[in-house]
Amino acid sequence: MGMAFKGDVCPKCHSNDYVNTYTVWHGLLAIFWFPVGLIGLAFPIKKCIPCQTTYGVGLQITKIVKILAITGIVFVSLLLLIILTKIL
């Protein structure tokens, strides 16, 4: 469970019992854009335990995180492709 700070209450049921969750995109961003990508881990998605509602800054950041993670994957793939074509 996360620690509740001011404003960290569920907008639906007003409970302060929540869990911080991360998407796969958060992890991919942290890997492919290391060390800058670790900033994505500072914005978790909060999930209310009683009513299962997701809320928080992480929901809005997830769209940006997904775009950055995909560009990181494409960049690394192209870099590997260039290296492999020069070797062969």
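Numbers below:
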quantity	calculated
Selection status of residue 85, out of contact with any Cys (no Cβ under 7 Å at 6 or more places or on another chain) and closer than 26 Å to residue 11 by Cβ	no
Unmet criterion (only one of (1) in contact with a Lys or Arg (Cβ under 9 Å, 6 or more places away or on another chain); (2) over 29 Å from residue 19 (Cβ atoms)) for residue 54	(2)
Verdict on residue 84 being free of Cβ contacts under 8 Å to residues at least 12 places away in the same chain and either hydrophobic (A, V, I, L, M, F, W, C) or on the phi > 0 side of the Ramachandran plot (or both)	yes
Region 48-75 - residue that is of a type in the set (A, V, I, L, M, F, W, C) and modelled with pLDDT of 85 or more and, of those, farthest from residue 28 (Cα to Cα)	51
Residue within region 44-63 that is assigned to a helix (DSSP H, G or I) and more than 11 Å from the chain's Cα centre (by Cα) present	no
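Here's the yes/no breakdown for (1) touching a strand residue (DSSP E or B) at 6+ places or on another chain (Cβ under 7 Å); (2) more than 24 Å from residue 77 (Cα to Cα); (3) of a type in the set (Gly, Ala, Ser):
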site: 15; (1), (2), (3): yes, yes, yes
site: 21; (1), (2), (3): yes, yes, no
site: 32; (1), (2), (3): no, no, no
site: 35; (1), (2), (3): no, no, no
site: 42; (1), (2), (3): no, yes, yes
site: 48; (1), (2), (3): yes, yes, no
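Conditions (1) over 15 Å from residue 8 (Cα atoms); (2) surrounded by fewer than 18 Cβ atoms within 10 Å (Cβ to Cβ); (3) touching a Cys at 6+ places or on another chain (Cβ under 6 Å), marked per residue:
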| position | (1), (2), (3) |
| --- | --- |
| 36 | yes, yes, no |
| 44 | no, no, no |
| 61 | yes, no, no |
| 67 | yes, yes, no |
| 78 | yes, yes, no |
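The values are calculated or read from the model by the stated rules, or taken from the named source; none is laboratory data. What you see is a predicted model; the values in this text were computed from it and never measured. Cβ coordinates were reconstructed from backbone atoms using ideal geometry, including for glycine residues, and neighbour counts include every protein chain displayed.
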